[in-house]
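Asker: Right, I'll just put the structure down here and ask away after.
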């Protein structure tokens, strides 16, 4: 029988080598994390009818990340944002997500835009156990039931539509509320919120018309709305479409208030609609990007240096701030499970914007702010008139 023998000194050396190997293995960086970088992946609309949303969200996030990187990063690592354009199309978003996880090997996914695109991306992220952080959508499927890998900063569409219906019924006594909606998951997400809010008040959606995502063919829908004669119309779609619709509706003599959720991209809509946009109500999930009395907004305005100012870029800025706080909390050797644990224990005031998560709630804020377009600006409102 062959036996191995070693001296005491050799045994100690072997044990030390084994210990060092185990320590190195335990400290080995997670995918997307190197000695000097943390790679974060983003897929959103950088071209097409929704391009303003993706470019603005990205601009805000980049401004905050640039500030953090200039100060040395997080635990000595700079954040690198790997960005891809999906044109607000689910199939392209899915392909981008696969590439970001597989080829680009990002640590987490961040700042996606849209409900239909998130519907395509989340199953991929969840299967790969990659955090999917702070998408620009209020869809309920991203919130309930809680998905371990998905976190949202913004209020939900249920929160926004509840505010809409509360103000319409309480302030104005409106009874006929119609839907002019994108025929996809986004449209259904907002419709679900409106229907829910109306049901609480023993009411139903008065009328409904639909259009395809990324189309500008809305004439039939405008005619249908005129025929239905609602008192208020909740629009679900992108800013170019709403701008076209309000212009055609006014020309056709449609006498109804228009409302839309924060996804619209407020500044993009105002630029597209011009004077025809006046009167449209928009619910927001961020404070006014012009209110420098709010500390986080004051910092945002300074870091944006006068460019790309608006609700969407402010949301990107806030999202990046939350990401940085979570990375700090995750420690010097971050892992994906460690980031999830850090987020579930995160409770921060960013300076007038409070964000808190838990194991049972992955939605950081429920704040909703009402605005109305007046004179080419989104003016905060306490009630509808």
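The values are calculated or read from the model by the stated rules, or taken from the named source; none is laboratory data. The model shown is predicted, which means the values in this text are computed figures rather than measured ones. Note: ideal-geometry Cβ built from the backbone for every residue, glycine included; neighbour counts use all protein chains shown.
Asker: Can you pull out the residues in segment 112-134 that are buried (at least 20 other Cβ atoms within 10 Å of the Cβ) and farther than 15 Å from residue 89 by Cα?
Answerer: Matches in segment 112-134: 124, 125, 130, 131, 132, 133, 134.
Asker: Of the residues in segment 64-75, how many are surrounded by fewer than 22 Cβ atoms within 10 Å (Cβ to Cβ) and part of a helix (DSSP H, G or I)?
Answerer: 5
Asker: Is it the case that residue 293 is in contact with a helix residue (DSSP H, G or I) (Cβ under 8 Å, 6 or more places away or on another chain) and not in a helix (DSSP H, G or I)?
Answerer: No, not satisfied.
Asker: While we're here: Quick one: residue 334 ticks every box in (1) in a loop (DSSP other than H, G, I, E, B); (2) within 30 Å of residue 174 (Cα to Cα); (3) in contact with a strand residue (DSSP E or B) (Cβ under 8 Å, 6 or more places away or on another chain) except a single one, so which number is it?
Answerer: (2)
Asker: Okay, next question. Scan (1) buried (at least 19 other Cβ atoms within 10 Å of the Cβ); (2) farther than 17 Å from residue 41 by Cβ; (3) free of Cβ contacts under 8 Å to residues at least 40 places away in the same chain for the single condition residue 90 breaks and write down its number.
Answerer: Every condition holds for residue 90 apart from (2).
Asker: Answer yes or no as to whether residue 141 is in a helix (DSSP H, G or I), under 25 Å from residue 370 (Cα atoms), modelled with pLDDT of 95 or more and not assigned by TED's automatic domain parsing to the domain that holds residue 211.
Answerer: Criteria met by residue 141.
Asker: I would also like to ask the following. Taking helices (runs of 4 or more DSSP H) that fall entirely within segment 203-290, which contain at least 1 residues that are within 21 Å of residue 375 (Cβ to Cβ)?
Answerer: In segment 203-290, 239-252, 266-273 are the helices (runs of 4 or more DSSP H) which contain 1 or more residues that are within 21 Å of residue 375 (Cβ to Cβ).
Asker: Related question: Determine whether residue 60 is closer than 26 Å to residue 143 by Cβ, modelled with pLDDT of 95 or more and not assigned by TED's automatic domain parsing to the domain that holds residue 183.
Answerer: Taking the combined requirement at face value, the residue satisfies it.
Asker: Also, quick follow-up: Hey, among 35, 95, which residue is farther than 28 Å from residue 285 by Cα and either under 15 Å from the mean Cα position of the chain (by Cα) or outside any helix (DSSP H, G or I) (or both)?
Answerer: 35
Asker: Okay, moving on. Of all residues in segment 168-187 being in a helix (DSSP H, G or I) and surrounded by 21 or more Cβ atoms within 10 Å (Cβ to Cβ), which is modelled with the highest pLDDT?
Answerer: 168
Asker: Of the residues that make up segment 300-310, is at least one free of Cβ contacts under 8 Å to residues at least 12 places away in the same chain, surrounded by fewer than 22 Cβ atoms within 10 Å (Cβ to Cβ), under 16 Å from residue 179 (Cα atoms) and out of contact with any helix residue (DSSP H, G or I) (no Cβ under 9 Å at 6 or more places or on another chain)?
Answerer: Checked against the condition, which is being free of Cβ contacts under 8 Å to residues at least 12 places away in the same chain, surrounded by fewer than 22 Cβ atoms within 10 Å (Cβ to Cβ), under 16 Å from residue 179 (Cα atoms) and out of contact with any helix residue (DSSP H, G or I) (no Cβ under 9 Å at 6 or more places or on another chain), segment 300-310 yields no hits at all.
Asker: Shifting gears a bit: Being in contact with a strand residue (DSSP E or B) (Cβ under 6 Å, 6 or more places away or on another chain), outside any loop (DSSP other than H, G, I, E, B) and crowded, with 18+ Cβ neighbours inside 10 Å: is that true of residue 198 here?
Answerer: For residue 198, the condition - in contact with a strand residue (DSSP E or B) (Cβ under 6 Å, 6 or more places away or on another chain), outside any loop (DSSP other than H, G, I, E, B) and crowded, with 18+ Cβ neighbours inside 10 Å - is not met.
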